[in-house]
2 protein chains.
Amino acid sequence: MERAENVAIVGVGLIGGSIGLALRACGASRRVVGVGRDAGRLDEARRLGAIDAASTSLADGVAGADVVVVCTPVSRIAADVRQAAAAAPAGALVTDAGSTKRGIVAAVEADDRARRAFVGAHPIAGSERRGAAYGRADLFEGRACVLTPTDQTPDDRLEHARDFWEGIGCRVTTMSPSAHDDALALTSHLPHAVAAALAATVPADRLPLAAGAYRDGTRVAGADPGLWAAILAANRGPLLEALAQLDRQLAALRAALEDGDEPWLRDWWAAARSRRRLYDGLEALDDAD
Amino acid sequence: MERAENVAIVGVGLIGGSIGLALRACGASRRVVGVGRDAGRLDEARRLGAIDAASTSLADGVAGADVVVVCTPVSRIAADVRQAAAAAPAGALVTDAGSTKRGIVAAVEADDRARRAFVGAHPIAGSERRGAAYGRADLFEGRACVLTPTDQTPDDRLEHARDFWEGIGCRVTTMSPSAHDDALALTSHLPHAVAAALAATVPADRLPLAAGAYRDGTRVAGADPGLWAAILAANRGPLLEALAQLDRQLAALRAALEDGDEPWLRDWWAAARSRRRLYDGLEALDDAD
């Protein structure tokens, strides 16, 4: 990011707090204002060094902002973006960090002023934990951030958004809101739903015999129920399609088990391992950057 | 373990190698002999300090053993146990480290001499990696080890097996071979199968947008296809039942998504999170031991 800017972060949890820490670590911002409903949590974010100043009024908090980043839960993002666009200076960029995009972008674009200020974004980084206390200045380092401009998005805002997210370490990529939601249904929402289903399936009295495969396979089931219910509901069409694809794998597995077809099981596992190794290769490339 | 014993480890991979490292670290054994088919891998295990001596002949390797631990793939364990029981001194304990127990115990007990020497065991520790090079002396520290004696198992052998596995750090528990296989279908084989199904579901071109939930949820899909095809096939009955229970969770999730029932999704996720937190609590207790 070339300019030293005033940034307002609406919603200073794990993601918002990490954005603040990253901005202050790289010196790219003149001033970071945190906006939230809970004064206690804002005080904590200030103590942690994630923000310089705080406001419980969205309108006041964004009044001097060059960039507003909305990091509230997906069910509140569109309304917060519209309010931020109305209160921020005319040239400001408004962007977000929501895990779904189609519904948010459509709701924002129904508003003239918001449409001209907004670039939808999803930095693909996070944790099952909540709160600025778990934030990290390097959370976005080398992580993908998807921008979802439409034919309504002004070019200068798109460039501004790209500079902003790259400035805190992201690898920026662009696609349509629908393409984003279809992809993330497979790469994030499905793995989250499977983790919760797996956690719910193993009875409590069996847990003393669970080991690494259960621990890792259910880790993200520790995430917040309200946040994730909203994400799954917001992206239910693509997620249902992703679940159908998983079900085809599980149905084939069941058939092979019923037949006792060990060669099929070996081939199936080998194909899954190859796919997984592609991911490991991508990760290794990132680490080498 | 009170006595300083001669131990033979048949199959010196990740598990066998870790047993050797643990035995030598705690000074509980007089001598550890590794038995395997590949002289190069046995040399490596000796270089790594996992074994004192090596043999490519099972009969020679177990000839002076007080304890024989069979750590070969599940499809070979019963035959290796029978061969070891035939060649080891009359008073020796033969135990194993197989991930399934019902079929192995039944095949071993069909043999008179093996039945009198054998105590089935499953130390619940491991990794998606293979080979003694990934072994660790503390792999079993605080981990559960299930012993599966039957009414055929001599009491002195059961006590010997308990001493042996506790000696390398395990928390020993006992249950029937069938109860073990039913429990592990849920706590280990199902999480492994789900990891492979998830890895196979996400298309290669989407992987750049995968993050932590995919990474952790598919980690164990990196395990060896031959080993895991054999485990899944050996425990197919209980695993099919576990898959049916998972399917009930996924069917309920699909119905809620189709209805857009966000409150149900929140309650479902909260229940899954509670279950997962029970596991975290058990882990914390282990760490505090």
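Could you run through the stretch A:205-226 and say how many residues are open to solvent by 40 Å² or more (accessible area, probe 1.4 Å) and in contact (Cβ under 8 Å) with a residue 60 or more places away in the chain?
So the count comes out to 1.
Kindly establish whether A:LEU250 is within 8 Å of chain B (Cβ to nearest Cβ), aliphatic (A, V, I, L, M) and in contact with a Gly (Cβ under 9 Å, 6 or more places away or on another chain).
no
Residues in the stretch A:94-132 that are out of contact with any strand residue (DSSP E or B) (no Cβ under 6 Å at 6 or more places or on another chain), of a type outside the set (Lys, Arg) and not in a loop (DSSP other than H, G, I, E, B): how many?
9
Determine, yes or no, whether B:ALA271 is farther than 17 Å from A:ALA213 by Cα, facing chain A (nearest Cβ under 7 Å), more than 22 Å from the chain's Cα centre (by Cα) and open to solvent by 30 Å² or more (accessible area, probe 1.4 Å).
So B:ALA271 passes the test.
Can you pull out every residue in the stretch A:179-193 that is more than 12 Å from A:LEU147 (Cα to Cα) and open to solvent by 10 Å² or more (accessible area, probe 1.4 Å)?
Residues satisfying the conditions are A:ASP182, A:LEU186, A:SER188, A:HIS192.
Go over the candidates A:ALA144, A:ALA106 one by one and state the one that is farther than 19 Å from A:ALA229 by Cβ and open to solvent by 40 Å² or more (accessible area, probe 1.4 Å).
One residue alone meets the criteria, A:ALA106.
Hey, could you check the stretch B:126-139 for residues that are within 13 Å of another protein chain (Cβ to nearest Cβ) and closer than 24 Å to B:ALA79 by Cβ and say which is most open to solvent (accessible area, probe 1.4 Å)?
B:ARG130
Take the stretch A:147-156 and flag every residue that is surrounded by fewer than 21 Cβ atoms within 10 Å (Cβ to Cβ) and either under 18 Å from A:LYS101 (Cα atoms) or modelled with pLDDT under 95 (or both).
A:THR150, A:ASP151, A:GLN152, A:PRO154
Just checking, how many residues over the stretch B:227-247 are open to solvent by 50 Å² or more (accessible area, probe 1.4 Å) and either touching a Pro at 6+ places or on another chain (Cβ under 8 Å) or within 7 Å of chain A (Cβ to nearest Cβ) (or both)? Lay out the reasoning, then the answer.
Filtering the stretch B:227-247 down to residues open to solvent by 50 Å² or more (accessible area, probe 1.4 Å) leaves B:227, B:234, B:236, B:241, B:245.
Retained after the next criterion (residues that are either touching a Pro at 6+ places or on another chain (Cβ under 8 Å) or within 7 Å of chain A (Cβ to nearest Cβ) (or both)): B:227, B:236, B:245.
Of the residues in the stretch B:227-247, 3 are open to solvent by 50 Å² or more (accessible area, probe 1.4 Å) and either touching a Pro at 6+ places or on another chain (Cβ under 8 Å) or within 7 Å of chain A (Cβ to nearest Cβ) (or both).
Quick one: is A:ALA210 more than 28 Å from B:GLU241 (Cα to Cα) and in contact with a Ser or Thr (Cβ under 7 Å, 6 or more places away or on another chain)?
no
Which one is nearest to the chain's Cα centre (by Cα), of the residues in the stretch A:167-214 that are at the interface with chain B (Cβ under 7 Å from one of its Cβ atoms), under 30 Å from A:LEU21 (Cβ atoms) and among the hydroxyl-bearing types (Ser, Thr, Tyr)?
The qualifying residue nearest to the chain's Cα centre (by Cα) is A:SER188.
The values are calculated or read from the model by the stated rules, or taken from the named source; none is laboratory data. All figures in this text were calculated on a predicted structure; none of them were measured in a lab. Quick reminder, even Gly has a Cβ in these numbers, built from the backbone with ideal geometry, and neighbours come from all protein chains shown. Keep in mind that these areas ignore ligands, DNA and RNA; they rest on the heavy atoms of the full protein, side chains included. Shrake-Rupley method; radii C 1.70, N 1.55, O 1.52, S 1.80 Å.
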